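Below: the structure, in structure tokens.
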Amino acid sequence: MSKSLQAIRGMNDILPEQTPLWRYFEATVATLLDGYGYRQIRMPIVEATELFKRSIGEVTDIVEKEMYTFDDRNGDSLTLRPEGTASCVRAVLEHGITGGGQVQKLWYNGPMFRHERPQKGRYRQFHQIGVEVFNLAGPDIDAELIVLTWRLWGLLGLRDVVKLELNSLGTSEARGRYRDALVEFLSARLEQLDADSIRRLATNPLRILDSKVAQTQALLNDAPKLADYLDDASLVHFEGLKARLDAAGIPYVINPKLVRGLDYYGKTVFEWVTDQLGAQGTVCAGGRYDVLVEQMGGKPTAGVGFAMGIERLVLLIESLELVPAELARQVDLYCCAFGEPAELAALTLAETLRDRLPGLRLQVNAGAGSFKSQLKKADKSGALFALVLGEDELAQRVIGCKPLRGQGEQQTIAWDALPAHLAANLKQSVE
Ligand code: HAM
């Protein structure tokens with residue numbers, strides 16, 4: 001295929017072999033969030049460029065170099081959303097649903113776009129499930145978000161491979177005081193800093209804390225610590241969060257260098273990281289953004305949330321071989337009919353079964369094929385039973401019911417008795 005017709009680099013098809021795991025993951029998260037009273041919101045994929053500049057921050061990597069920005073036919077500058085928090089804040093403001101202190105607990109799922117260098121776990125179109133909570137300012141809600149993700153790791157079997165890192169960024173005043181101290185310290189040691197960090201010293205000095213350069217990290221060991229500059233309210237909030245996590249028995253480590261790559265955070269920030277995915281080990285990340293709503297023109301409104309990268313979690317589940325075995329089964333029943341009269345009868349019989357057994361996953365073979373090749377297809381589908389309908393069966397109004405997973409011999413069942421027979425046997429096979 002000519003290159004110009006291929007998918008864009010870093011933007012992947014999710015093929016039929018992969019979608020069962022995606023759907024399992026998404027359904028697990030959706031059911032979990034339902035259980036905590038969160039409601040889904042769906043935002044557009046394209047927003048005004050200004051929205052992301054104002055919220056994420058002009059001098060972040062995302063806004064400086066990763067956004068897919070274009071002029072539409074009216075000449076308006078639009079951007080494919082690089083994340084969901086900005087859009088969610090815009091939506092709640094636009095619809096007034098956080099006004100008067102109304103609590104909103106929201107979640108969303110969808111594609112995000114960043115022009116990063118693609119590698120394992122890092123793509124240009126990727127998918128996030130995100131959660132945003134408005135008008136709850138205490139540490140109890142920060143704890144709830146962490147508790148519910150911990151429950152999710154439990155459901156997925158991932159508790160042993162993810163680690164929670166926590167930090168507090170304090171208020172913007174506290175960060176301002178710290179920023180001055182850090183800049184003063186590093187400016188006196190410019191010759192020991194890498195080029196990227198020197199550039200950040202003027203634009204976004206706190207980001208130097210998560211520099212990947214070893215020499216810079218060594219230098220930072222002696223630098224002033226953010227924790228020493230935190231305001232009292234942020235300290236109390238952070239202690240409150242830690243106490244709740246301790247009470248819930250959730251292990252965490254304090255990472256004083258965790259600053260996050262988006263400017264809207266203050267107080268709590270956290271990341272769930274794994275060492276099983278190579279360089280792209282952060283599977284879920286978030287924090288508090290109490291000034292963002294006001295910064296975007298709303299009344300002061302507390303905000304906190306997180307987003308998880310679906311690709312990374314799916315990769316993790318696959319690499320640890322935690323994919324539930326039943327996902328390999330596309331259908332419960334595979335019906336093979338031989339000859340046109342039997343094919344016609346199979347069609348109506350299949351519809352009767354669908355009526356009688358709601359939720360049944362039944363595939364009727366399409367097109368001709370030898371008995372052997374049909375059964376091979378039936379087996380490959382993962383079905384528990386093959387239904388076999390040929391001329392003889394048709395004449396006698398019966399059907400062959402062949403167990404495909406070693407549950408005994410083929411049986412001949414009268415059409416009328418088939419729904420009851422299947423209901424009992426399918427249930428038994430699954431158990
Ligand atoms: P973020 O840290 O930029 O935060 O992204 C959250 C998660 O999305 C990451 O931890 C990662 O799992 C996934 N992710 C990010 N970039 C990529 C990529 N290029 N390829 C694959 N996965 C990726 C946010 O987006 C914030 N909006 C989170 C938040 C919500 N904070 C408060 N509320």
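The values are calculated or read from the model by the stated rules, or taken from the named source; none is laboratory data. No experiment lies behind these values; they were computed from the predicted model shown. Note that we place each Cβ from the backbone using ideal geometry, even for glycine, and neighbour counts take in every protein chain shown.
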Of (1) over 24 Å from residue 242 (Cα atoms); (2) in contact with a Phe, Trp or Tyr (Cβ under 9 Å, 6 or more places away or on another chain), residue 178 fails just (1)
State which residue is nearest to the ligand (Cβ to nearest atom) when the search covers only region 106-132 and only residues that are among the small types (Gly, Ala, Ser) and either more than 12 Å from residue 83 (Cα to Cα) or surrounded by fewer than 22 Cβ atoms within 10 Å (Cβ to Cβ) (or both).
-> 121
Within region 376-413, track down each residue that is in contact (Cβ under 8 Å) with a residue 12 or more places away in the chain, closer than 18 Å to residue 328 by Cβ and outside any loop (DSSP other than H, G, I, E, B).
-> 377, 378, 379, 385, 386, 403
Applying the selection to region 273-311, what residues are within 12 Å of the ligand (Cβ to nearest atom) and either of a type in the set (Ser, Thr, Tyr) or within 24 Å of residue 20 (Cβ to Cβ) (or both)?
-> 274, 277, 280, 282, 283, 284, 289, 307, 308, 309, 310, 311
State the number of residues belonging to region 133-192 that are surrounded by fewer than 20 Cβ atoms within 10 Å (Cβ to Cβ) and touching a His at 6+ places or on another chain (Cβ under 9 Å).
-> 2
Do the conditions hold for residue 243, that is, is it at pLDDT 95 or above, more than 16 Å from the ligand (Cβ to nearest atom), more than 34 Å from the chain's Cα centre (by Cα) and in a helix (DSSP H, G or I)?
-> no
In the list 250, 208, which residue meets the criterion of being β-branched (Val, Ile, Thr), under 31 Å from the mean Cα position of the chain (by Cα) and not in a helix (DSSP H, G or I)?
-> 250
Region 90-117 residues that are aromatic (Phe, Trp, Tyr), paired with ones that are in a helix (DSSP H, G or I) (beta carbon under 6 Å, 6 or more apart) = 107/33
Inside region 269-301, can you point out the residues that are aliphatic (A, V, I, L, M) and within 17 Å of residue 84 (Cα to Cα)?
-> 269, 283, 285, 291, 292, 293, 296
Residue ranges of strands (runs of 3 or more DSSP E) in region 1-117 with at least 1 members within 20 Å of residue 286 (Cα to Cα) | 104-113
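Looking at region 228-238, is at least one residue in a loop (DSSP other than H, G, I, E, B) and not polar (S, T, N, Q)?
yes
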Does region 186-200 contain any residue that is touching a residue at least 12 places away in the same chain (Cβ under 8 Å) and under 33 Å from the mean Cα position of the chain (by Cα)?
-> yes
Confirm whether residue 41 is surrounded by 14 or more Cβ atoms within 10 Å (Cβ to Cβ), modelled with pLDDT of 95 or more and aliphatic (A, V, I, L, M).
-> yes
Could you please find all residues in region 62-105 being more than 12 Å from the ligand (Cβ to nearest atom), among the acidic types (Asp, Glu) and closer than 15 Å to residue 296 by Cβ?
-> 94
In region 175-205, how many residues are part of a loop (DSSP other than H, G, I, E, B) and over 22 Å from residue 289 (Cα atoms)?
-> 4
